[in-house]
1. Quick check, is residue 195 open to solvent by 60 Å² or more (accessible area, probe 1.4 Å), out of contact with any Gly (no Cβ under 9 Å at 6 or more places or on another chain), among the aliphatic types (A, V, I, L, M) and touching a residue at least 60 places away in the same chain (Cβ under 8 Å)?
2. Just to be sure, is residue 207 farther than 30 Å from residue 94 by Cβ, of a type in the set (Ser, Thr, Tyr) and open to solvent by less than 30 Å² (accessible area, probe 1.4 Å)?
3. Can you name every residue in region 132-159 that is closer than 18 Å to residue 257 by Cα, assigned to a helix (DSSP H, G or I) and either among the charged types (D, E, K, R) or touching a residue at least 40 places away in the same chain (Cβ under 8 Å) (or both)?
4. Residue under question is residue 293, and the condition is that it be basic (Lys, Arg) and modelled with pLDDT of 90 or more; does it hold?
5. Having 2 or more residues that are among the β-branched types (Val, Ile, Thr) is the bar; report the helices (runs of 4 or more DSSP H) wholly within region 209-302 that clear it.
6. Does residue 187 meet the test of being open to solvent by 70 Å² or more (accessible area, probe 1.4 Å), over 26 Å from residue 134 (Cβ atoms), out of contact with any helix residue (DSSP H, G or I) (no Cβ under 7 Å at 6 or more places or on another chain) and of a type in the set (S, T, N, Q)?
7. Say we look at region 55-108 and pick out the residues that are within 19 Å of residue 226 (Cα to Cα) and polar (S, T, N, Q); which of these is most open to solvent (accessible area, probe 1.4 Å)?
Amino acid sequence: MNASPAAVQGSAPAAPAPQEWGRVRAGRRTADKLLIVSCTVATALGAVVLGSILLMLIIEGVRGFTPALFTQVTPGPGSEGGGIANAILGSLVMTALGIAVATPVGVLAGTYLAEYGRTSKLADMIRFLNDILLSAPSILIGLFVYTLMVRPMGGYSGWAGGVALAIIATPVIVRTTEDMLRLVPGTLREAGAALGAPLSIVIRSVTWRAAQSGIVTGVLLALARIAGETAPLLFTALNNNSWFSPNLMGGVANLPVMIYQFALSPYENWRQLAWAGALLITVTILGLSIVARLVLSGPKGR
């Protein structure tokens, strides 16, 4: 005989007591509130520390912003007045040199990883080496370039500084280029191939155009990354209190090393110039970061 519904219902396991589920939900709510409070406190603490640093930098740095700051060279020890025009120009030249070398290398390497290498062993090895370069201390790169260029050339130079900055910027561009190209839909590549275009034409005419905002963003981020590097320039370009030679041989003045040396000096004028230079670099990096976000969030970046 078939069991009656009442019998079947009676043999079913009893439902857990409502108060047990209530206790579980209360514990989850408590854990959720604790996590929210912890994240809020950590965010507020980080914002306070960052805000304090920026406020102090603005207060101290604005005092040194005068027309002479951008028109005169760095003064000698114990001298009054002066500016950081030579350091600004030296930083611009070496940063431009580094980006000029890193951009084509990084874009082409990222394109190979995304379009040609993909899952090959060579591509995996390149990604591994690129990750090592991304996390490598910049002072090690400075020592490497010192051994590779400074010692054989018999002295410091802006060329060595530019090469060191290029080595730091390249892995950033490689990673960004590969990630942006992977976001391009495969249907676009298939459409180009369906028209009979070889892969090289598809990459230049379709894939690069679709990912150009992301690639430009990667270049800007790499530029912001190397703009304030000090350690590699200590071993490659060092510094100079006057204008550098047109061939970039000898010490080349630059903002990061100037800030490092002047901030540790006993001269009030030098320390004031260091504050002004630090504020200038901070504003520059902030501006580059904002431009990168605007480029990435533009109509072509969405």
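The values are calculated or read from the model by the stated rules, or taken from the named source; none is laboratory data. Since the model is a prediction, treat every value here as computed from it, not as a measurement. Here the Cβ positions follow ideal geometry from the backbone for every residue, glycine too, while neighbour counts run over all protein chains shown. These accessible areas exclude ligands, DNA and RNA; they are computed on the full protein's heavy atoms, side chains included. Shrake-Rupley method; radii C 1.70, N 1.55, O 1.52, S 1.80 Å.
1. Values: open to solvent by 60 Å² or more (accessible area, probe 1.4 Å): yes; out of contact with any Gly (no Cβ under 9 Å at 6 or more places or on another chain): yes; among the aliphatic types (A, V, I, L, M): yes; touching a residue at least 60 places away in the same chain (Cβ under 8 Å): no.
So residue 195 fails the test.
2. Working: farther than 30 Å from residue 94 by Cβ: yes; of a type in the set (Ser, Thr, Tyr): yes; open to solvent by less than 30 Å² (accessible area, probe 1.4 Å): yes.
In short, yes.
3. Of everything in region 132-159, those that are closer than 18 Å to residue 257 by Cα, assigned to a helix (DSSP H, G or I) and either among the charged types (D, E, K, R) or touching a residue at least 40 places away in the same chain (Cβ under 8 Å) (or both) turn out to be 138, 139, 141, 142, 143, 145, 146, 150, 158, 159.
4. Values: basic (Lys, Arg): yes; modelled with pLDDT of 90 or more: no.
Here the answer is no, as residue 293 does not meet what is asked.
5. Values: elements: 212-227, 231-236, 255-263, 268-296.
Qualifying helices (runs of 4 or more DSSP H): 212-227, 255-263, 268-296.
6. On the way: open to solvent by 70 Å² or more (accessible area, probe 1.4 Å): yes; over 26 Å from residue 134 (Cβ atoms): yes; out of contact with any helix residue (DSSP H, G or I) (no Cβ under 7 Å at 6 or more places or on another chain): yes; of a type in the set (S, T, N, Q): yes.
So residue 187 passes the test.
7. Filtering region 55-108 for residues that are within 19 Å of residue 226 (Cα to Cα) and polar (S, T, N, Q), the one most open to solvent (accessible area, probe 1.4 Å) comes out as 103.
Here's the yes/no breakdown for (1) touching a Gly at 6+ places or on another chain (Cβ under 8 Å); (2) among the aromatic types (Phe, Trp, Tyr); (3) open to solvent by less than 60 Å² (accessible area, probe 1.4 Å):
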residue: 245; (1), (2), (3): no, no, yes
residue: 250; (1), (2), (3): yes, no, yes
residue: 255; (1), (2), (3): yes, no, yes
residue: 260; (1), (2), (3): no, yes, no
residue: 265; (1), (2), (3): no, no, yes
residue: 271; (1), (2), (3): no, no, no
residue: 283; (1), (2), (3): no, no, no
